[in-house]
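All remarks here apply to the structure that follows.
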Amino acid sequence: MSFLYDHVGGREVFTDLIVGPWGEGADPRERLTFSSRTGPVDGGSIASTLLDGASLAPDVPLYGTKVSREDGLAHPQIATIWAYFDSVLADVPAVSAHLGR
């Protein structure tokens, strides 16, 4: 899920990425939620940073385990997680248009 914000200081995209098993009989406790923020940083360039997983979302089974920023950065699959985030930014038309890419 991506949330698009348009502020005076620039546009931001917050993305929650939920990975793990889905479908009938899937255990939501086996899912992990990672979150990122993409938007302007010092100097006006656009960058992404990892956040605490779905910190504003309710604690419901959909999100499984909300991964902290610290645990996410140390996760063995973090390179794959970043590739998914990058794909959302580049390949979802509404998101890439929002960032002006």
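The residues in the range 14-61 that are over 24 Å from residue 74 (Cα atoms) and aliphatic (A, V, I, L, M) can be counted, and the count is 2. Inside the range 77-100, residues that are part of a loop (DSSP other than H, G, I, E, B) and either of a type in the set (Gly, Ala, Ser) or in contact with a His (Cβ under 7 Å, 6 or more places away or on another chain) (or both) make up a count of 1. Checked against the criterion of being in contact with a helix residue (DSSP H, G or I) (Cβ under 7 Å, 6 or more places away or on another chain) and among the charged types (D, E, K, R), the candidates 11, 37, 69 yield just one match: 11. What number of residues in the range 6-21 are part of a strand (DSSP E or B) and without any contact (Cβ under 8 Å) to a residue 12 or more places away in the chain? Total satisfying the criteria: 1.
For the range 45-68, the criterion of being closer than 16 Å to residue 89 by Cα, free of Cβ contacts under 8 Å to residues at least 40 places away in the same chain and in a loop (DSSP other than H, G, I, E, B) is met by at least one residue.
Here, each number is a calculation from the coordinates, and none is a lab measurement. Keep in mind that this is a model prediction, so the values were computed, not measured. Quick reminder, even Gly has a Cβ in these numbers, built from the backbone with ideal geometry, and neighbours come from all protein chains shown.
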